[in-house]
């Protein structure tokens, strides 16, 4: 896997998501949730974890050939395993399960301090670069 540097989206900047590494069909992203990302119980809101997983899966699609120039999720499923604490780094590892001409299926694991926080799967509408 490599450690790329690239321009990130405004959403990534707002959430503090950072691209850690990419490989063929995979991407790792991290974020450290802040207090304003907590739910009423004081743990990280599920929507923040969902956004992180969606970002990892979407970014994993940018590593395949022919290149994906646009990816938009239209189906997203998350299973929450354990609560994430504000201030602990969340690491999401996304991977491509299958990529066709117009759609792709992905999966993701979100972890914190060595424990599984959530698993996810997503289906994306993709646009590929012309060969």
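The values are calculated or read from the model by the stated rules, or taken from the named source; none is laboratory data. Remember, predicted model here, so these are calculated numbers, not experimental data. As a convention, Cβ positions derive from the backbone with ideal geometry for all residues, glycine included, and neighbour counts pool all protein chains shown.
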Please go through the range 84-98 and pick out each residue that is closer than 24 Å to residue 64 by Cβ and without any contact (Cβ under 8 Å) to a residue 60 or more places away in the chain. 97, 98
Residues of the range 25-55 being assigned to a helix (DSSP H, G or I) and within 26 Å of residue 96 (Cα to Cα), in sequence order, are 46, 47, 48, 49, 50, 51, 52, 53, 54, 55
Identify the single condition in (1) touching a residue at least 24 places away in the same chain (Cβ under 8 Å); (2) crowded, with 17+ Cβ neighbours inside 10 Å that residue 45 does not satisfy, given that it satisfies every other one. (1)
Only unsatisfied item for residue 53, checking (1) in contact with a helix residue (DSSP H, G or I) (Cβ under 6 Å, 6 or more places away or on another chain); (2) buried (at least 20 other Cβ atoms within 10 Å of the Cβ), is (1)
Pull up the range 100-131, narrow it to residues that are buried (at least 20 other Cβ atoms within 10 Å of the Cβ) and without any contact (Cβ under 8 Å) to a residue 60 or more places away in the chain, then point me to the one that is nearest to residue 66 (Cα to Cα). 104
Which of the residues belonging to the range 56-82 are assigned to a strand (DSSP E or B) and either out of contact with any strand residue (DSSP E or B) (no Cβ under 7 Å at 6 or more places or on another chain) or surrounded by 14 or more Cβ atoms within 10 Å (Cβ to Cβ) (or both)? 68, 71, 73, 76, 78, 80
The range 83-99, residues that are crowded, with 16+ Cβ neighbours inside 10 Å and part of a strand (DSSP E or B): 90, 91, 92, 93, 94, 95, 96, 99
Going residue by residue through the range 29-43, is there one that turns out to be modelled with pLDDT of 95 or more, under 10 Å from the mean Cα position of the chain (by Cα) and farther than 21 Å from residue 113 by Cβ? no
